[in-house]
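**Q** Following this message is one structure expressed as structure tokens.
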Amino acid sequence: MKVREIAEKLGLTVISGAAGLDNEINKGYSSDLLSDVMGSAGSGDIWITLQTHKNVMAIASLKDLAAVILVKGFNPDPDMAEQSDEESIPVLGTSEDTFTINGRLYNLLKQ
Amino acid sequence: MKEFSADLHIHTVLSPCGSLEMSPRNIVRKALEEKLDIIGITDHNSTRQCREVCREAIKAGITVYTGVEVTTKEEVHCLAFFETFDILEAFQAYLDRYLPDIINNPELFGYQVVVDEEENISYEEPKLLISAISQNIDQVEAEVHRLGGLFIPAHINRQKFSLTSQLGFVPPDLIADAFELSKHTSVEDFLKQFPYMRGRTFIRNSDAHQQEAIGSIHTRLRMEHTGFDEFRKALQGKEGREVIL
């Protein structure tokens, strides 16, 4: 499934990195410890987090992630949004919390 | 030039996780025993015990670098030190503004008290000090430096509440006066894991929450005297001042 479809079906806002909306999603990974994501997330994952520091994008790029979802209405720091545009890795926003968006995403990817 | 022995990361009874015996008097007594010339007072998100520690330390001929261990929005622990009580108070106002209104439950987290010379409680902090403030690491760094303070990310090798655990790696453009390593690693071992940190200034401290830990590891500073500006120069490696680990 492409990032674009996920965004549409889950009602996510495209905050930045729209050029990467056709990235293909493998599975999801949820964590707010960037060290953990660096060790455990896989290529093509969509990453659910509340961290808004620009290091998020560096790790997303390093791990070749498909997109990042920011929960609870959080917005990326300006330099994080910039890097998301540069790397074409979309940052998507939701007002929902991690538990809720994880559940919905899981059901969607399982279909 | 002289060499001074410093343990710059010490919690007091004010930190909820700090032992109740960590009164200013006991901290200074132990620092004397350990032959420390300089101690850093760094409670979680509060500077309110610093003055009393200074009062005790002056009597013992020990210099105090007054500071705090800030928990940033990303839950990265960072040490900050300030030269005067006025500046310390300005930073305290910043902490008070951004520390969330979560009330401490002493039974769960521990007591958060300021004690005076006679070891009587002079203040109890109602807000939970181990919460994260609502300012990110760049905002905290900017405020510390705006006030002329020193900004030192704490125990950056640790797997919790550290720059590397929370943010994966040290942001290359972060302006830090030094980086602290915990007792669990050496500069050499740390650099093997994080080679891009070569050439940065490191300090090592005890992060003492109990008396026994004070001075268990320390940093030596080569400086003319223990003044704050000398400390700044030592961290910068300027004019013959330096950190010796």
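**Q** From B:195, B:172, grab the single residue that is at pLDDT below 95 and not polar (S, T, N, Q).
**A** Of the residues listed, the single one that is at pLDDT below 95 and not polar (S, T, N, Q) is B:172.
**Q** Of all residues in the range B:127-169, which are within 14 Å of chain A (Cβ to nearest Cβ), surrounded by fewer than 24 Cβ atoms within 10 Å (Cβ to Cβ) and on the phi > 0 side of the Ramachandran plot?
**A** B:161, B:168
**Q** Okay, next question. If you scan the range B:145-163, which residues turn out to be under 10 Å from the mean Cα position of the chain (by Cα) and β-branched (Val, Ile, Thr)?
**A** Of everything in the range B:145-163, just one residue is under 10 Å from the mean Cα position of the chain (by Cα) and β-branched (Val, Ile, Thr), namely B:152.
**Q** Among residues belonging to the range A:73-111 that are aliphatic (A, V, I, L, M), under 20 Å from residue A:4 (Cβ atoms) and under 13 Å from the mean Cα position of the chain (by Cα), point out the one that is surrounded by the fewest Cβ atoms within 10 Å (Cβ to Cβ).
**A** Per the criteria, the residue is A:81.
**Q** Quick one: in the range A:44-72, of everything that is more than 14 Å from every other protein chain (Cβ to nearest Cβ) and surrounded by fewer than 16 Cβ atoms within 10 Å (Cβ to Cβ), which residue is farthest from residue B:73 (Cα to Cα)?
**A** Only one residue fits best here, namely A:44.
**Q** Inspect the range B:233-244 for any residue being in a helix (DSSP H, G or I), closer than 17 Å to residue B:4 by Cα and small (Gly, Ala, Ser) and give the result as yes or no. Before you say what the answer is, go through the steps one by one.
**A** Of the residues in the range B:233-244, the ones in a helix (DSSP H, G or I) are B:233-236.
From what is left, the residues that are closer than 17 Å to residue B:4 by Cα are B:233-236.
Now drop any that are not small (Gly, Ala, Ser), which leaves B:234.
The answer is yes; a qualifying residue exists.
**Q** Turning to a different aspect of this structure: Which members of the range A:30-43 meet the condition of being more than 11 Å from chain B (Cβ to nearest Cβ) and surrounded by fewer than 17 Cβ atoms within 10 Å (Cβ to Cβ)?
**A** Passing the criteria: A:40, A:42, A:43.
**Q** Hey, does the range B:174-193 have a residue that's part of a loop (DSSP other than H, G, I, E, B), among the polar types (S, T, N, Q), in contact with a Ser or Thr (Cβ under 9 Å, 6 or more places away or on another chain) and in contact (Cβ under 8 Å) with a residue 40 or more places away in the chain?
**A** No: the range B:174-193 contains no residue that is part of a loop (DSSP other than H, G, I, E, B), among the polar types (S, T, N, Q), in contact with a Ser or Thr (Cβ under 9 Å, 6 or more places away or on another chain) and in contact (Cβ under 8 Å) with a residue 40 or more places away in the chain.
**Q** Further question: Test each condition in (1) farther than 27 Å from residue B:141 by Cβ; (2) more than 12 Å from the chain's Cα centre (by Cα) for residue A:66 and report the one that comes out false.
**A** (2)
**Q** Somewhere in the range A:5-17, is a residue closer than 26 Å to residue B:169 by Cβ, surrounded by fewer than 22 Cβ atoms within 10 Å (Cβ to Cβ) and charged (D, E, K, R)?
**A** no
**Q** Also, quick follow-up: Determine whether the range A:4-20 contains at least one residue that is out of contact with any Lys or Arg (no Cβ under 6 Å at 6 or more places or on another chain), facing chain B (nearest Cβ under 9 Å) and assigned to a loop (DSSP other than H, G, I, E, B).
**A** no
**Q** Quick one: is residue B:124 loosely packed, with under 13 Cβ neighbours inside 10 Å, of a type in the set (Asp, Glu) and more than 18 Å from residue B:43 (Cα to Cα)?
**A** Details: loosely packed, with under 13 Cβ neighbours inside 10 Å: yes; of a type in the set (Asp, Glu): yes; more than 18 Å from residue B:43 (Cα to Cα): no.
So residue B:124 does not fit the description; no.
**Q** Of A:64, A:85, A:97, which residue is at pLDDT 95 or above and more than 18 Å from residue A:31 (Cα to Cα)?
**A** Exactly one residue qualifies, and that residue is A:85.
**Q** Turning to a different aspect of this structure: Which residue is nearest to residue B:46 (Cα to Cα), if the candidates are limited to the range B:1-18 and must be of a type in the set (A, V, I, L, M) and buried (at least 20 other Cβ atoms within 10 Å of the Cβ)?
**A** B:14
**Q** Please work out which residue is nearest to residue A:70 (Cα to Cα), limiting yourself to the range B:68-103 and to residues that are crowded, with 21+ Cβ neighbours inside 10 Å and among the acidic types (Asp, Glu).
**A** Top of the filtered list is B:74.
**Q** Continuing with the same structure: Of the conditions (1) surrounded by 15 or more Cβ atoms within 10 Å (Cβ to Cβ); (2) under 12 Å from the mean Cα position of the chain (by Cα), residue A:27 fails just one. Which one is it?
**A** (1)
**Q** I'd like the full set of residues that are among the hydroxyl-bearing types (Ser, Thr, Tyr) and assigned to a helix (DSSP H, G or I), limited to the range B:194-229.
**A** Matches in the range B:194-229: B:196 only.
**Q** List pairs: first residue in the range B:217-245 and more than 22 Å from residue B:147 (Cα to Cα), second residue of a type in the set (Val, Ile, Thr) and in a helix (DSSP H, G or I) anywhere in the structure, Cβ distance under 7 angstrom, at least six positions apart or on different chains.
**A** B:245/B:187
The values are calculated or read from the model by the stated rules, or taken from the named source; none is laboratory data. From a predicted model like this one, the values you see are computed outputs, not experimental measurements. Glycine also receives a Cβ, built like all others from the backbone with ideal geometry; neighbour counts cover every protein chain displayed.
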